[in-house]
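S.K.: To start, I am sharing the structure in question, which I have written as structure tokens.
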Amino acid sequence: MSNIAIRVENLGKQYKIGVRQASYSTLRDSLTEMLSAPFRRLWREETGINADRGDRIWALHHISFEVRQGEVLGIIGRNGAGKSTLLKILSRITEPTEGYAEIHGRVGSLLEVGTGFHPELTGRENIYLNGAILGMKKREIERKFDEIVAFAEVEKFVDTPVKHYSSGMYLRLAFSVAAHLQPEILLVDEVLAVGDIEFQKKCMGRVEKIADEGKTVVVVSHSMSTVKALCSQAILLESGTIKVVGTVDAVVAEYLSAKVDAAEKVLSDHDHDVGGGSAIRVKRIRLLNGAMNSFRVYWQQPVSVSLEVEVFEPIGEVSFGAAMRTADGTFIFVAYNDDRGKPKWNFKPGGYAVDFTLQNPLRPGLYTLHVGAYQRRGTVKNVFALDAVQLEVLGFTENGSVPPATNPALVSGVEAVFSYKEMDSSGPRSV
């Protein structure tokens, strides 16, 4: 008997640009169509895309691979690479244009958390509704009901309409319902980041448990730490085709290397001067101590960067700076070369390498590294500003240690000196 859980052969999915699927139209739709037609025609003339002809793009093309029973496969790639389209085809949500995908076993899909929830229904009612949509029988839902509620931590609110839930409660309950299926094949698309940090760990643990039970798991994620923690094999998709397939370490290394190449191409193709003329241009940015020569560092490992710049005219009193932002754009910290009274820099025309090392108190996750320079002559004047690259802080140190589960803060490793004294009627006294 074959031990193949998923077999994909020459799979492809093609879409028409600018062509809607056939559907019934309301009067409002017809009026909107009539009024917008001249603007769509102008857009087609400017872009060269003929929607009437139906220009086509391949979201996936020539995809072939196999997943064995009990294997955990990671699928990674940039946005638009075709990852979600592939999982939707495997879930039988989307039909392929060419090729086929054989699925051997009951499939559970965690694709879009919360699909099937009705805001007017209570948590209890939505558990039954969503469970049925996901293929669970009523008796199975009843048997797992208490476990689902406890996992989601919504016991007090299970009979409250979910429209009154916070976004975190809503996501926790939706994930819990989907995660308590008993599939032979589990497909997971970027849903392990729901809720707070503690619940994310529960999500990871649940998927790991399913994998430990010998079930087949396919995971799509932008977090390389998640992929490395869960998967043994991986596929790298690029522009709808398979670029690399192999061990998770090799595929992740290839993906991160490609991200560095792309960042350097952007640097070489664009002038990043902002508001200060063309005195300095950034040519290249490198992470000197990145794991596997990529833009990722181990937890608590310093971030050492080399910035190659070209100076076109004499420029003085320049301050270089580096900053970190979260994925949603929140500033975490910024540091300058002239902090604490250190001198500013003066440059004459030529090439320079500006090196700096940042402390890394960040918890595991994705961040954006920003670099820039300004000149202070009466008023602050930007020389250049560059949103350089995405940096990943891995969820473990180089020797394998992991962050303590008791610290959910954005930064960690900050040391402080603590002491205490006993108090009596005369005041504090040393212990």
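Where a number appears in this text, it was derived from the coordinates with a stated rule and is not lab data. Small disclaimer: the values here were computed from a predicted structure and weren't measured. FYI the Cβ positions are ideal-geometry reconstructions off the backbone, even for glycines, and counts take in every protein chain you see.
S.K.: Counting other Cβ atoms within 10 Å, keep those with at most 13, restrict to DSSP loop, and tell me which GluC sites (Glu not before Pro) in the stretch 118-221 are left.
M.R.: Sites meeting the loop and neighbour criteria: Glu120, Glu213.
S.K.: Using packing as a proxy for protection, rank 338-351, 235-248, 214-227 so that the peptide with the highest average count of other Cβ atoms within 10 Å comes first.
M.R.: Descending mean neighbour count gives 214-227, 235-248, 338-351.
S.K.: Further question: Treat every Asp and Glu Cβ in the stretch 94-224 as -1 and every Lys and Arg Cβ as +1, leave all other atoms uncharged, and give the resulting dipole magnitude about the Cα centre to the nearest 20 debye.
M.R.: Numbers: 15 positive and 21 negative charges, 80 e Å.
Rounded to the nearest 20 debye, it is 380 debye.
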